[in-house]
Amino acid sequence: AVLTYHTAWLKAHYPAAFMAAVLSSDMDKTDKVVTFIDECRAVGLTVLPPDVNASVYRFTVADPKTIRYGLGAVKGVGEGAVQAIIDERTKNGPFTGIADFCRRIDLQRVNKRVLEGLIRAGCLDSIGANRATLMAELPAAMQLGEQNTRAQELGQDDLFGLGAPPPKASTAAKAHVLPEWPESVRLASERHTLGLYLTGHPIAEYEA
C-alpha cells in the first residue's frame, strides 16, 4: 500500500520524471513502450523523438511536460554504440551533419546497420535536411569517416584536411537535398525501428 501511494504521488507531482523512469525500465519491451507512450500522451506529456545531439541511452526529462526518447530504445542500437555517440558529443560538442558525425564516430561501434536504423528512427533529423537526404549521403559520409580512421591509425591526423569538415560541405549538401520520403514510408520506418508511429499516424490524413 505504501509503495502504491508513493508511486501515485510521484506520477501526480512529477509525471515526466516518473514516466521517463518507467519507459527506461522496460525500454527493451516494445509492447510496453507503446503502452507507456500512449499513457504519456493521455496525461499531456510530449515525447520528443530520439536525437543524437540531445538523447542519452535512456528516456530523460527535457522539461516538466516533455520526455526525450532514449537512443537505447531504437531497435538494433546497442549500448556500446550509444556510449560512443555520447562520449564524442560530450568531448567535442554537437554533431553538425552526417559527414561530421561519421568522421568523428568509431564506425566499428556504430556501423552501417546502426546508422541506417538511427536515420530511419529520426535520430539524425536535427543534423540533416530530411531522412531521404541523410540516407543518400550516408555512403559518402561513411567513406570520409573510414578515411579519417585510417589517417589516425597512420598518425596522419588532419592530413589533407581530414581532421576538419570541408568548409563548403554544408553548401554542397543543400544543393543536393532530396524530396523527403512519403509520410507512409517515413512512419513505417519509425514503426520498424521504434516499434510505434512517433511523429504521426498513417490514418491521420483520413480523420476529419
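The values are calculated or read from the model by the stated rules, or taken from the named source; none is laboratory data. What you see is a predicted model, and the numbers here were worked out from it, not measured in a lab. Note that each Cβ is placed from the backbone with ideal geometry, even for glycine, and that neighbours are counted across all protein chains shown. The protein model used for the area step is the full one, side chains on, heavy atoms only, and it has no ligands, DNA or RNA in it. Shrake-Rupley method; radii C 1.70, N 1.55, O 1.52, S 1.80 Å.
How many residues, within the stretch 177-208, are at pLDDT below 85 and open to solvent by 70 Å² or more (accessible area, probe 1.4 Å)?
The qualifying residues number 5.
Just to be sure before I move on: is THR35 among the hydroxyl-bearing types (Ser, Thr, Tyr) and closer than 29 Å to ILE98 by Cα in the structure I sent?
On the way: among the hydroxyl-bearing types (Ser, Thr, Tyr): yes; closer than 29 Å to ILE98 by Cα: no.
No.
Here is a check on your reading of the model: is VAL43 of a type in the set (A, V, I, L, M) and within 24 Å of SER126 (Cβ to Cβ)?
On the way: of a type in the set (A, V, I, L, M): yes; within 24 Å of SER126 (Cβ to Cβ): no.
No, not satisfied.
I'd like the full set of residues that are within 14 Å of PRO49 (Cα to Cα) and open to solvent by less than 40 Å² (accessible area, probe 1.4 Å), limited to the stretch 67-85.
ILE67, TYR69, GLY70, LEU71, GLY72, ALA73, VAL74
Are there any helices (runs of 4 or more DSSP H) wholly within the stretch 2-102 with 1 or more residues that are touching a residue at least 12 places away in the same chain (Cβ under 8 Å) and within 19 Å of GLY200 (Cα to Cα), and if so which?
30-42
Considering only the stretch 89-134, how many residues are over 15 Å from the mean Cα position of the chain (by Cα) and of a type in the set (D, E, K, R)?
6
If the requirement is being surrounded by fewer than 16 Cβ atoms within 10 Å (Cβ to Cβ) and modelled with pLDDT of 95 or more, which of these qualifies: GLY44, GLY117, GLY97? Talk me through it step by step, then tell me what you get.
Values: GLY117 fails: surrounded by fewer than 16 Cβ atoms within 10 Å (Cβ to Cβ); GLY97 fails: surrounded by fewer than 16 Cβ atoms within 10 Å (Cβ to Cβ).
Only one candidate passes the filter, namely GLY44.
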